[in-house]
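Below is one structure; the comments refer to it alone.
Every read-out reported here was derived from the displayed coordinates using simple, explicitly stated rules and does not represent laboratory data. On a predicted model such as this, the values are computed, not experimentally measured, just so you know. Cβ: placed from backbone, ideal geometry, glycine included. Neighbour counts: every protein chain shown.
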Amino acid sequence: MLEPLVMKKVTILGTTGSGKTTFLEALFGNIEKNDVARRVFKEVQSNLDFTPLKYNNFTSSTTTISLNVVNSVIVLTRFNKVLIKKFEDRETIDFESIDSAFQVVLSDPAGQERFNFMQEIALKGSDLVIIMADGTNISSMEKILHYLEMVQMEEYRKNRQIPVLVFINKSDLRDRGIYLGKDVAERIVFSSIIDREIVFYETSNLDARCYELPLTIIFNYLAMQAYS
């Protein structure tokens, strides 16, 4: 068995509604999270300066109040293929049959503006950053620039490059005509002073297979780093 396992930290940044938490659950199963239900109370509606949505639209809606964490998973590579296993299942893994294995801790800080400090804390020491944007929301895609600037500051602090993946999520809404897509995101980012190579992927949490290629590429890259 490969002991001790090299540990890598992955941070996922994105605005509220970009699908970060759903992405984590789709790929890694149940995660530890702190949720608070949103509510529109009748007694305060008279003070609102907008038309509130119906109360029943909020009964099952949640918003992250701090930080979602996947404590750890094990990423295995064999013949450039990537397998992801829960850390507690490590005793069932035949480590002799794989090329590399490393432990990954994933963090998903809240996307609301008031929790920006959590994003900065979570970003420290990251080996990989995944940026997720709501492809139906221009403000969410504009926030990509802010996250890239945060990554650059961390790179400067640590004096090393941090690979970045950008997922333009909710591509399943393309047929409804409300999905703006990666072309819009690319124009926003590449018209700025950000100077780095970035690959954008159009994704949907309804089809986890769309993440296979970018995650295979990046986890193989991290594997080479871990064992170089």
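At full extension, residue 26 and residue 138 could sit 37.9 nm farther apart than now, given 0.36 nm per residue minus the alpha carbon distance.
Residue separation of residue 201 and residue 16 scaled by 0.36 nm, minus their Cα-Cα distance, works out to 64.7 nm of gained length. The listed peptides 160-172, 194-206, 138-150, ordered by packing as a protection proxy, come out as 160-172, 138-150, 194-206 (highest mean of other Cβ atoms within 10 Å first).
Scoring 75-82, 215-222 by mean Cβ neighbours within 10 Å over their residues and listing the highest first yields 215-222, 75-82. Extension gain, residue 225-residue 95: 0.36 nm per intervening residue step, less the Cα-Cα distance, totals 45.0 nm. Between residue 192 and residue 213, the modelled labels are 2.5 nm apart [label points 7 Å from Cα along Cα→Cβ]. In terms of its alpha-carbon gyration tensor, the stretch 134-228 comes out oblate; a/c meets the 1.5 threshold, while b/c is at least as large as a/b. As a length-normalised measure over Cα pairs under 8 Å and 6 or more apart, the relative contact order of the stretch 82-204 settles at 23 percent.
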